[in-house]
Structure formats: structure tokens, C-alpha cells
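*Asks:* Here it is, the structure in full.
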Ligand SMILES: O=C(O)CCC(=O)C(=O)O
């Protein structure tokens with residue numbers, strides 16, 4: 001599946017997401033979980049039932065390898081251009097008590113009458129996507145991400161948490177149940193939600209990489225005081241450097 005870039009691109013156009021199994025090995029998952037356990041919050045990071053660490057790629061070179069994973073980066077480049085870059089990379093720990101149920105769209109760039117999208121007269125360009133690297137086996141109890149397949153073709157936004165049980169053409173939000181090491185790659189217009197950790201004693205570990213077309217400004221927090229870590233720049237390969245913003249000397253690619 002990870003080598004079927006055409007099939008995954010088609011899935012992003014039709015369903016609004018592509019599922020890529022087995023991107024990380026069990027050993028890689030184990031190490032990533034330990035690394036998340038070692039993170040210290042600062043800036044806009046959050047701690048509590050949900051620990052949320054932003055822009056982790058800037059903390060040490062270890063995190064860079066998630067930016068250009070085969071299959072995932074190929075899909076990003078095929079859909080958002082050879083000069084696409086990242087907007088951020090967030091590590092999560094969702095503990096018992098975490099409740100992420102907030103159906104929403106991440107970004108609708110312009111609204112389009114639904115019938116034009118359904119008929120195929122208008123095809124929405126892909127500008128912004130998120131890759132979820134699951135670092136836990138995801139069950140109904142352990143906060144799956146929910147999606148409504150095809151709902152990007154509604155052509156309209158779903159405001160954060162306003163409608164707790166949205167439906168689109170009779171379809172409700174469906175949980176994405178998967179294994180640690182799998183990746184869900186979804187476009188910003190898909191109707192989706194986090195959910196509850198209903199377990200007593202398990203934590204969901206998740207890594208997000210946010211990709212966009214080059215023309216969307218990078219949003220590395222805490223914004224005004226942002227500085228690249230020289231050790232990370234030194235270690236990054238050319239593709240990773242481009243994903244961090246080292247673009248060709250042209251403005252419109
Ligand atoms: O926690 C999740 O699975 C979903 C996160 C999410 O919806 C988001 O970051 O936009």
C-alpha cells in the first residue's frame with residue numbers, strides 16, 4: 001500500500017483520507033513512545049489528561065525521520081507538490097480521562113456547492129494534510145480518530161465541536177481502528193474527530209506531522225520567538241531541510 005502512491009492519491013480525492021499500514025516497525029514504535037515520555041513541555045505545549053508537545057522536530061534530530069517516511073512523504077509530494085513542507089509535528093499522550101470528541105474540519109480554503117464536487121465538475125485541490133502515526137494499538141476504547149468518508153465533498157466547514165453527531169448523506173463518524181505503526185493521512189476538509197480514552201490504564205501515543213503546499217506559511221510555535229535548533233539543521237538531509245523550509249529560490253512552486 002505504501003508504494004501505491006496513485007491509489008493513495010485517489011483515496012484522498014474520493015474518501016478524503018488514505019490509510020497506510022505498517023509504516024513503523026514495532027521497535028520504532030517502542031522507541032518513539034519512550035522518546036515522547038522523555039519530552040519536557042514549554043511554550044504552547046499542554047499537559048494534563050492530554051500531553052501535547054508541539055514542533056518536536058526542533059528538539060533533537062531523532063524526530064526528523066518521521067518527516068520523510070517512504071510512502072507518507074511520497075503521498076505528500078504527489079498531492080501537495082514537490083516543494084511541499086511541514087507546518088508542524090506534534091506528539092501526544094492521551095491518558096485515561098482524555099476526551100477529544102470535537103467533530104471538526106481542520107481547514108476549508110473556500111466553500112464549494114456540494115453538487116459540483118459530487119458530480120466531479122469541480123475537483124478540490126489538496127493543500128493541507130495531516131499524517132497520524134499511531135504509536136498504540138487503537139481500539140474503540142483507546143481514543144480512535146473518527147472520520148466520515150467522503151465528507152470533504154460537502155464543500156463546507158464543520159465548526160469545532162458545534163455539532164456533536166454530524167451526519168453527511170446518512171453517514172456518521174466512523175472509528176479508525178488500527179495497529180501501532182499504521183498511518184492515517186487525511187486532508188484538511190474531511191469531517192473528523194478525536195475521541196475518549198475509555199480505558200482505566202492505557203495511554204494512546206500519537207505523532208502528527210502536518211504537511212502543506214509551499215504557499216501556506218509555516219506555523220512553528222511559539223511563533224515570534226521561534227528559532228531553529230542548529231543541531232537539527234546540521235543533521236537534516238536535503239529533503240528534510242526542504243520540509244523545514246529550505247525552499248528553491250522561486251516563489252510559486
Ligand atoms: O486525536 C485525534 O485522533 C484527532 C486529532 C484531531 O482531530 C486534530 O488534531 O485535528
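Rule-based calculations on the coordinates, nothing more; no lab input. Because the structure is a prediction, the values reported are computed rather than measured. Cβ coordinates were reconstructed from backbone atoms using ideal geometry, including for glycine residues, and neighbour counts include every protein chain displayed.
*Asks:* Write down Rg/Rh for the stretch 181-249, rounded to two decimals, with Rg from the C-alpha atoms and Rh from the Kirkwood relation over Cα pairs.
*Replies:* Taking Rg over the Kirkwood Rh, I get 1.04.
*Asks:* Still on this structure, please answer the following. Roughly how large, in nm² to one decimal, is the mean projection of the convex hull of the alpha-carbon atoms in the chain?
*Replies:* Mean projected area of the Cα convex hull: 13.8 nm².
*Asks:* Hey, another quick one. By how many nm would the segment from residue 140 to residue 200 lengthen if fully extended, with 0.36 nm per residue of separation less the alpha-carbon distance?
*Replies:* This chain segment gains 20.3 nm when fully extended.
*Asks:* Restricting to Cα atoms and excluding each atom paired with itself, what does the Kirkwood estimate give for the stretch 1-79 in Å?
*Replies:* 14.6 Å
*Asks:* Here's another thing I want to ask about it. Measure off 7 Å from each Cα along the Cα-to-Cβ vector at residue 110 and residue 233, then give the distance between these two points in nanometres to one decimal.
*Replies:* Spacing of the two 7 Å Cα→Cβ label points: 3.6 nm.
*Asks:* Tell me, what is the percent relative contact order of the chain, built from C-alpha pairs under 8 Å that lie six or more residues apart?
*Replies:* 32 percent.
*Asks:* Starting from the Cα of residue 226, step 7 Å along the direction of its Cβ; do the same at residue 3; then give the gap between the two resulting points in nm.
*Replies:* With each label point 7 Å from Cα toward Cβ, the separation is 3.6 nm.
*Asks:* Then there's this: Go ahead and estimate [θ] at 222 nm for the chain from helices alone: -39,500 (n - 2.57) per DSSP H run with n ≥ 4, summed, over the residue count, rounded to 500.
*Replies:* When only DSSP H runs of four or more count, the value is -5500 deg cm²/dmol.
*Asks:* Hey, fewest Cβ within 10 Å first, where do 84, 178 land in order?
*Replies:* Result, fewest neighbours first: 178, 84.
*Asks:* For 187, 204, what's the fewest-to-most ordering of other Cβ within 10 Å of each Cβ?
*Replies:* Exposure proxy ranking, most exposed first: 187, 204.
*Asks:* Pull out a ≥ b ≥ c, the square roots of the eigenvalues of the alpha-carbon gyration tensor of the stretch 132-216, then state rounded if a/c is under 1.5, prolate if not and a/b is larger than b/c, and oblate in the remaining case.
*Replies:* Cα axes put the stretch 132-216 in the oblate bin.
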